[in-house]
Amino acid sequence: MSENNIEKVRHSLAHILACAIKEMYPEAKIGVGPAIDNGFYYDFDNINISETDLPKIEKNMRKIIKKGVVFEKQVVDRKEAEKIFKDEPYKLELLNDIEEEEISIYKSGDFVDLCSGPHIENSKEINPEGFKLERTAGAYFKGSEDNKMLQRIYGLAFEDKEKLQDYIAKKEDAEKRDHRKIGKKLELFMFDDEVGQGLPLYLPNGGMLRYLLMNFAMETYLDHGYEIVSTPHIAREDLWKRSGHLELYAEDMYSPISVDDKNYRLKPMNCPFHVKMYNLRKRSYRELPLRWAEMGTVYRYEKSGELHGLTRPRGFTQDDAHIICTEDQLFQEVINALKLVQYIYKTLGMEDLKFKLSVRDPKNIDKYFGDNKDWEEAEKSLKRAINEVSSSGYEIDEGGAVFYAPKIDIDAVDAVGRSWQLSTIQVDFNLPYRFDMTYINENGEEKTPFMIHRALLGSLERFLGVYIEHTEGNFPVWLSPKQVLVIPVSEKFADYAEEVLSALRKKRIRASLSGENETLGKKIRNGEVQKVPYLVVVGEKEKNEKTVSVRYHGKDEGVINLDDFVKKLKEESSI
């Protein structure tokens with residue numbers, strides 16, 4: 001079955017779901033029901049469906065499918081459409097949003113829907129074993145919190161039962177990996193309503209994990225010619241007006257803060273600050289490229305219904321950098337950034353990367369800001385750079401470029417096969433123009449530099465959420481908040497356990513002591529639940545021989561000399 005046809009099947013199943021609901025609950029009022037990734041949904045009002053009702057609704061859907069219902073498109077005038085949907089208030093409201101006088105509807109049996117399609121021709125094209133109603137949820141009509149919340153029923157749909165079951169198995173695996181559950185279990189981070197929605201608080205374990213990740217990233221950037229800068233969390237509204245953020249991004253920014261009769265805004269991005277620092281003085285071509293990196297915390301207003309743990313917060317930190325260079329340097333700088341992406345993700349155990357190049361819509365070039373020659377040079381440099389570093393090719397998204405720049409987005413594929421857009425490398429013609437950025441070339445002439453935005457981990461919060469799920473909290477030794485848990489067999493050997501702990505900490509190995517008044521088995525189990533990579537057990541034999549009994553992620557590695565173990569850990573702690 002083609003991708004286009006499975007989309008038609010999913011859309012058609014949404015209509016069949018609505019048909020089944022109207023048969024079973026005639027009082028129900030219908031909202032919208034599109035196809036989505038991996039399935040479909042439909043929104044309803046005036047009903048109260050529980051998860052236990054879904055199997056009987058599914059059963060009714062299969063009866064409808066078996067009848068061979070025909071999907072028939074009709075075009076009617078507005079008055080006729082209003083007559084058809086006179087008892088469906090949500091359809092009437094949607095009808096008001098349609099400007100055309102000719103209205104597209106679809107009939108499938110006795111069910112009629114306001115819809116432009118496309119659909120399959122007959123319900124018998126649907127594999128009745130290839131779909132399943134999954135869950136219910138609340139959803140605001142038309143996605144607006146100002147509207148009434150409806151009840152949404154989600155369904156999964158695939159070509160056959162095997163693909164459906166495979167997806168369900170992967171989804172169950174993904175749910176076990178949910179970073180919010182693991183984060184709570186391992187005491188990595190928390191959220192608190194009194195602090196504010198979408199604002200993560202890192203507990204000691206999570207704080208250490210975050211610090212280690214930031215340190216790894218920044219040390220890597222320093223090794224590759226970057227310099228570190230730091231900028232404030234807030235700036236006057238005038239800056240955001242000049243940068244264009246207030247004009248184009250206001251809905252995603254927090255409300256103004258009045259200070260000394262001036263309006264300030266929490267920063268949604270770091271870019272204008274770096275530009276202002278560049279403009280501190282006249283620059284020469286001999287200084288370029290400049291590579292300025294910052295772990296900058298930014299704040300963006302996300303709707304409460306869109307917040308999702310660390311992967312969609314309101315406050316987050318970016319490993320943000322801006323490269324300011326000449327036209328001749330652009331190609332190599334993009335290559336360097338792409339190679340850095342590959343190195344970082346390989347080190348973190350996420351080597352499967354997908355590249356997407358977003359360029360202008362060739363049919364609508366006039367809508368993009370900047371000189372056509374600069375656009376052509378930037379797009380050519382980005383294409384050449386991806387070809388240079390990627391053996392697996394890349395996707396081109398025509399029309400996907402933002403108005404001021406082409407860009408490369410890089411997706412990392414996690415352990416259960418999900419793609420996550422994390423890294424971005426983007427050329428910008430807008431800010432150099434708005435802020436009059438220049439440099440003096442070798443001929444003494446003023447030229448406008450090229451500017452590259454790049455965030456390789458992207459949002460640290462989003463990356464950590466993805467990485468927690470990718471690893472299930474089993475972090476590599478160098479990145480584990482706690483690397484070793486020292487477990488004395490009994491209180492009699494607490495002194496030797498302290499000696500082992502001291503030896504590890506002197507080498508800056510992150511170790512702690514299991515001091516609970518529990519059985520040895522329970523102590524070991526607690527350490528494994530906390531996903532500490534190394535558990536070392538010490539008793540009389542170990543004390544006498546200056547050794548430790550080592551377990552690594554639940555597997556016995558035998559008895560090791562203490563000095564040798566410290567050396568081994570020190571080596572594994574470095575990258």
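The values are calculated or read from the model by the stated rules, or taken from the named source; none is laboratory data. For clarity, every value in this text was computed on a predicted model and none was experimentally measured. Cβ sites come from the backbone with ideal geometry, for glycine too, and all protein chains shown count toward neighbours.
Filtering segment 298-328 to residues that are part of a helix (DSSP H, G or I) and among the polar types (S, T, N, Q) leaves S304, T311. Is it fair to say L92 is closer than 22 Å to N147 by Cα and aliphatic (A, V, I, L, M)? Considered against the rule, which asks whether it is closer than 22 Å to N147 by Cα and aliphatic (A, V, I, L, M), L92 comes out as yes.
Across segment 265-311, the qualifying residues are those that are among the acidic types (D, E) and modelled with pLDDT of 95 or more, and the one among them that is farthest from the chain's Cα centre (by Cα) is E287. Residues that are part of a strand (DSSP E or B) and hydroxyl-bearing (S, T, Y) were ranked within segment 415-435; the one that is surrounded by the most Cβ atoms within 10 Å (Cβ to Cβ) is S423.
Residue by residue, here is whether (1) at pLDDT below 95; (2) in a helix (DSSP H, G or I); (3) among the small types (G, A, S); (4) in the same structural domain as V538 (by TED's automatic domain parsing) holds:
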residue: G444; (1), (2), (3), (4): no, no, yes, no
residue: L456; (1), (2), (3), (4): no, no, no, no
residue: G465; (1), (2), (3), (4): no, yes, yes, no
residue: K492; (1), (2), (3), (4): yes, yes, no, yes
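In segment 357-376, the qualifying residues are those that are surrounded by 17 or more Cβ atoms within 10 Å (Cβ to Cβ) and free of Cβ contacts under 8 Å to residues at least 60 places away in the same chain, and the one that is nearest to I575 (Cα to Cα) is L357. Could we say that S255 is surrounded by fewer than 17 Cβ atoms within 10 Å (Cβ to Cβ) and either within 26 Å of E461 (Cα to Cα) or under 27 Å from the mean Cα position of the chain (by Cα) (or both) here? The answer is yes for S255. In the condition set (1) in contact with a strand residue (DSSP E or B) (Cβ under 8 Å, 6 or more places away or on another chain); (2) surrounded by fewer than 20 Cβ atoms within 10 Å (Cβ to Cβ), S123 is compliant with all but (2).
Of everything in segment 251-289 that is hydroxyl-bearing (S, T, Y) and assigned by TED's automatic domain parsing to the domain that holds D436, the residue that is farthest from K447 (Cα to Cα) is Y278. In this structure, E518 does not qualify as acidic (D, E) and assigned to a helix (DSSP H, G or I). Listed conditions (1) part of a helix (DSSP H, G or I); (2) closer than 25 Å to E7 by Cβ are all met by E159, apart from (1).
On inspection, K148 passes the criterion of being in the same structural domain as P55 (by TED's automatic domain parsing), touching a residue at least 24 places away in the same chain (Cβ under 8 Å) and basic (K, R).
Can E542 be described as under 19 Å from A494 (Cα atoms), touching a helix residue (DSSP H, G or I) at 6+ places or on another chain (Cβ under 8 Å) and assigned to a loop (DSSP other than H, G, I, E, B)? Considered against the rule, which asks whether it is under 19 Å from A494 (Cα atoms), touching a helix residue (DSSP H, G or I) at 6+ places or on another chain (Cβ under 8 Å) and assigned to a loop (DSSP other than H, G, I, E, B), E542 comes out as no. The number of residues in segment 429-475 being at positive phi and either among the charged types (D, E, K, R) or within 30 Å of the chain's Cα centre (by Cα) (or both) comes to 4.
Here K543, K531 are screened, and the one residue that is crowded, with 18+ Cβ neighbours inside 10 Å, out of contact with any His (no Cβ under 6 Å at 6 or more places or on another chain) and at positive phi is K531. Might you check whether a residue that is among the β-branched types (V, I, T), modelled with pLDDT under 95 and touching a strand residue (DSSP E or B) at 6+ places or on another chain (Cβ under 9 Å) occurs anywhere in segment 501-524? So far as segment 501-524 goes, yes, one or more of its residues are among the β-branched types (V, I, T), modelled with pLDDT under 95 and touching a strand residue (DSSP E or B) at 6+ places or on another chain (Cβ under 9 Å).
Checking I153, I98 one by one, the residue that is in contact (Cβ under 8 Å) with a residue 40 or more places away in the chain, surrounded by 14 or more Cβ atoms within 10 Å (Cβ to Cβ) and among the hydrophobic types (A, V, I, L, M, F, W, C) is I153 and no other. Just one of (1) surrounded by fewer than 23 Cβ atoms within 10 Å (Cβ to Cβ); (2) closer than 23 Å to P313 by Cβ; (3) among the small types (G, A, S) fails for A412. It is (1).
Does any residue of segment 70-86 turn out to be within 33 Å of the chain's Cα centre (by Cα) and crowded, with 16+ Cβ neighbours inside 10 Å? No.
The set of residues in segment 25-69 being over 22 Å from A157 (Cβ atoms) and surrounded by fewer than 15 Cβ atoms within 10 Å (Cβ to Cβ) consists of P26, E27, N46, N48. The C-beta contact set for segment 37-54 (first residue assigned by TED's automatic domain parsing to the domain that holds F141 and at pLDDT 95 or above, second residue outside any strand (DSSP E or B) and polar (S, T, N, Q), distance under 9 angstrom, 6+ apart or interchain) comprises F40/S12.
Among the residues making up segment 54-107, those that are assigned to a strand (DSSP E or B), farther than 17 Å from K124 by Cα and among the aliphatic types (A, V, I, L, M) are V75, V76, I103, I105.
When each of A35, A20, A14 is tested for being in contact with a Phe, Trp or Tyr (Cβ under 8 Å, 6 or more places away or on another chain) and of a type outside the set (D, E), the lone residue that passes is A14.
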